[in-house]
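The values are calculated or read from the model by the stated rules, or taken from the named source; none is laboratory data. The model shown is predicted, which means the values in this text are computed figures rather than measured ones. As a convention, Cβ positions derive from the backbone with ideal geometry for all residues, glycine included, and neighbour counts pool all protein chains shown. Only protein heavy atoms, including side chains, enter the accessible area calculation; ligands, DNA and RNA are left aside. Shrake-Rupley method; radii C 1.70, N 1.55, O 1.52, S 1.80 Å.
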Amino acid sequence: MFEKIALVGIGLIGSSLARVIRREGLAGHVAISTRSAATLKRAEELGLGDSYTTDAKEAVRDADLVIVSVPVGSSGAVAEEIAPALKKGAILTDVGSTKASVIAQMQPHVPDDVHFIPGHPLAGTEKSGPDAGFADLFDNRWCIFTPLPGTDPDALERLSEFWR
């Protein structure tokens, strides 16, 4: 479905996504980025990706789909950091529980040639970290998108198909 998917943040949601991407064969390469070296090491021990880095810019380089799975308050800083490395035509989405705040933080940093489609999977548990993830987390769950005016319908359909 995608040649390369970058997961920025590898807690419950990010690690569950990594597992389902593997299970369903949704990407040729999964790049994982997180700030914590210990968390990154654990993600690698679990075999959640194909490449691992604490440098989010490195992870998103050449990615067709970038999923930001960080605390909502960090979304803007992550968007600012990765913006210069985002591939033209890439889809950028998030999994934050609030949309107005995430859009306000992230949108100013998103390049015009990147498809920013905010999202929120309605799934989760009380646990956190890469060990908490499981591939079935999203089964029979909704993922809500809040496309912005002018969103490319083909990009929205590709993202929708990914979540289906």
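Compute the relative contact order of the chain as a whole-number percentage, counting only Cα pairs closer than 8 Å that sit 6 or more residues apart in sequence. Intermediate values should be presented prior to the final figure.
Values: 352 pairs, mean separation 41.4, N = 164.
With pairs under 8 Å counted, the relative contact order is 25 percent.
For 112, 50, give the ranking by accessible area with the largest first, probe 1.4 Å. The partial results should precede the final answer.
On the way: 112 160, 50 75 Å².
My answer, sorted largest first, is 112, 50.
Roughly to the nearest percent, how much of the accessible area of the chain is carbon and sulfur, given a 1.4 Å probe?
Numbers: 3860 of 7770 Å².
Reported share for carbon and sulfur atoms: 50 percent.
Shape of the stretch 20-91 from its Cα gyration tensor (a ≥ b ≥ c, root eigenvalues): rounded if a/c is under 1.5, otherwise prolate when a/b > b/c, or oblate?
oblate
What percent do you get for the relative contact order of the stretch 55-111 when only Cα pairs under 8 Å and 6+ apart count? Don't jump to the answer; show the numbers that get you there.
Values: 81 pairs, mean separation 25.5, N = 57.
For the stretch 55-111, the relative contact order is 45 percent.
Say the cut-off is 28 Å between C-alpha atoms; which of 87/127; 41/99; 4/41; 41/88 go over it? Let's see the in-between values first.
Details: 87/127 33 Å; 41/99 31 Å; 4/41 21 Å; 41/88 30 Å.
Exceeds cut-off: 87/127; 41/99; 41/88.
Show that you can apply the helix-only estimate: for the chain, add -39,500 (n - 2.57) for every DSSP H stretch of four or more residues, divide by all residues, and state [θ] at 222 nm to the nearest 500.
Numbers: 6 runs with 54 residues, N = 164.
About -9500 deg cm²/dmol.
Not counting ligands, DNA or RNA, and with a 1.4 Å probe, what is residue 24's accessible surface area in Å² rounded to the nearest 10?
100
Please state the charge dipole magnitude for the stretch 1-160, taken about the Cα centre, from unit charges on C-beta atoms (+1 on K and R, -1 on D and E), reported in debye and rounded to the nearest 20.
Working: 15 positive and 21 negative charges, 59 e Å.
Value, rounded to 20: 280 debye.
Using modelled amide H (1.01 Å from N, peptide plane; none on Pro or chain starts), what sits under 5 Å from the amide H of residue 116, excluding residues fewer than 5 places away?
92
Express the C-alpha Rg of the chain as a ratio against the empirical globular expectation 2.2 N^0.38 Å, rounded to two decimals.
On the way: Rg = 14.1 Å, N = 164, 2.2 N^0.38 = 15.3 Å.
After normalising by residue count via 2.2 N^0.38 Å, the value is 0.92.
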